[in-house]
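Participant: Got a structure here, written out as structure tokens. Questions coming.
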Amino acid sequence: MNLKRIYNTRNYIETNYNQIISINALEDISSYSYRNLQRVFYSLFQETIGAYQTRLKVENGHKKLLYSNKQISDIALEVGFADVQSFSKAFKKHFNCPPSAARNQKEFLLNDFHPKKFIACISEPEIVFVPEITAYYSSCKTSYINPEIETLWDSLLENEITEPISDYFGIITDDIIITEKSKCTYEACIVTEAIVKNLPVKKLFGSKYARFLHHGSYETLEGTYQQIFGGWFLRNDFEISHLPVIEQYIKNDSNSNTPADYLTAIYIPLI
């Protein structure tokens, strides 16, 4: 099994989730017949390719409902449905409620999941455009629990990397308000001039972000996210993109003595 090609295939589906993806394109990227690709894809990710693409459509639609002010009809087309009726049908089947109800629950969901008791001390973010970069990565299914993420990083850094690593990033692929915990994905990414043959690559950034800084241990990251989504976002008029949140580990265990000294930049994608 060529895992690098399978991850490249999944990355292609993620990037083009709202487009019609041809069987030929998937076979070319994966070097598998479509039948064998389906079998391998399901064994790794516990979803068929079709189910995965449909989930990306409705979940990205849900993100746009919560974090933007776009019309539901426009969102339906943006995420790849032919019309609002087909979007509403798929959305209701997945989330057990129509898109309009999900949008009306916006403040309830964010306040319930990100309690207001955390909103007092967050600093205003820096609004920045970050140029696109290329990174090597590895991924795991996780509900963003630190031990699983630490294991992934340990495995990633066991690869032979002949040049220094210039940056460490974590991709928070899913929103745990929207995606089932069993399907959430975290991606550990490194930037280096070395050629790492065993790892797939992907593009990061290339958009506008609100950049927050988190000081201290990763164990307290959840509190900073609660401040961002339960406080800053609801107090402001910014619209958040469906793209994933990116963490940059500026000070980490490779260049700091204790977790109290860690510094993490959190990039929230903006429209």
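Participant: Quickly work out the Ile23-to-Glu222 label distance, labels modelled 7 Å from Cα along the C-beta direction, and quote it in nm with one decimal.
Facilitator: Each label point is offset 7 Å from its Cα along the Cβ direction, giving 4.5 nm.
Participant: I've got another one for you. Which percent of the accessible heavy-atom area of the chain goes to carbon and sulfur, probe 1.4 angstrom? The partial results should precede the final answer.
Facilitator: Details: 7000 of 13980 Å².
On the chain, the fraction of accessible area on carbon and sulfur atoms equals 50 percent.
Participant: Could you size up the charge dipole of the chain around its Cα centre, putting +1 on the beta carbon of Lys and Arg and -1 on that of Asp and Glu, and report it in debye to the nearest 20?
Facilitator: Working: 27 positive and 32 negative charges, 229 e Å.
With only Lys, Arg, Asp and Glu charged at Cβ, the dipole is about 1100 debye.
Participant: Take the alpha-carbon centre of segment 193-271, take the same for segment 41-112, and report the distance between them in whole Å.
Facilitator: Each part reduced to its Cα centre gives a spacing of 24 Å.
Participant: Given N residues in segment 205-271, what is its alpha carbon radius of gyration divided by 2.2 N^0.38 Å?
Facilitator: Numbers: Rg = 12.8 Å, N = 67, 2.2 N^0.38 = 10.9 Å.
So segment 205-271 has a normalised radius of gyration of 1.18.
Participant: Now for a different question. Could you compute how much accessible surface Glu132 exposes when probed at 1.4 Å, giving the result in Å² to the nearest 10?
Facilitator: Only protein atoms counted, so the area is about 110 Å².
Participant: So, one more: Residue farthest toward the positive end of the dipole of the chain, with Cβ of Lys/Arg at +1 and Asp/Glu at -1: which of Gln105, Pro147, Thr220?
Facilitator: Towards the positive end, the residue furthest out is Gln105.
Participant: As an exercise, take the mean of 1/r over every pair of distinct alpha carbons in segment 1-109, invert it, and state the Kirkwood radius in angstroms. Can you show the working numbers first?
Facilitator: Numbers: mean 1/r = 0.0671 Å⁻¹.
Kirkwood radius, segment 1-109: 14.9 Å.
Participant: Ignoring ligands, DNA and RNA, how do Ser43, Ser207 rank by accessible area with a 1.4 Å probe, largest first? All intermediate terms of the calculation are to be shown ahead of the outcome.
Facilitator: Numbers: Ser43 65, Ser207 25 Å².
Output order, biggest surface exposure first: Ser43, Ser207.
Participant: May I ask you to list the trypsin sites (Lys or Arg not before Pro) in segment 129-216 that are in a DSSP loop and have at most 16 other Cβ atoms within 10 Å of their Cβ? Spell out each step's value before the answer.
Facilitator: Details: sites: Lys141, Lys181, Lys183, Lys197, Lys202, Lys203, Lys208, Arg211; in loops: Lys197.
Answer by residue number: Lys197.
Participant: Would you please calculate the Kirkwood hydrodynamic radius of segment 107-229 over all C-alpha pairs and express it in Å, rounded to one decimal? Write out the running numbers ahead of the final one.
Facilitator: On the way: mean 1/r = 0.0615 Å⁻¹.
Hydrodynamic radius (Kirkwood, Cα pairs) of segment 107-229 is 16.3 Å.
Participant: With the other protein chains left in place, how much accessible area per residue, in square angstrom, belongs to the chain at a 1.4 angstrom probe?
Facilitator: Details: 13980 Å² over 271 residues.
Averaged over the residues of the chain, the accessible area is 52 Å².
Participant: Along the three principal axes, how long is the chain when you take its alpha carbons, biggest first, rounded to the nearest angstrom?
Facilitator: Computed over the chain, the largest-to-smallest principal extents equal 55, 51, 30 Å.
Participant: Provide the solvent-accessible area of Val79, counting protein heavy atoms only and rolling a 1.4 Å probe, rounded to the nearest 10 Å².
Facilitator: Here the residue's solvent-accessible area equals roughly 0 Å².
Participant: While we're on this one: Mind grabbing the accessible area of Thr162 for me, 1.4 Å probe, Å², rounded to tens?
Facilitator: Rounded to the nearest 10, the figure is 100 Å².
The values are calculated or read from the model by the stated rules, or taken from the named source; none is laboratory data. For clarity, every value in this text was computed on a predicted model and none was experimentally measured. Reconstructed Cβ throughout: ideal geometry from the backbone, glycine too, with neighbour counts over all protein chains shown. SASA here: full protein model, heavy atoms, side chains in, ligands and nucleic acids out. Shrake-Rupley method; radii C 1.70, N 1.55, O 1.52, S 1.80 Å.
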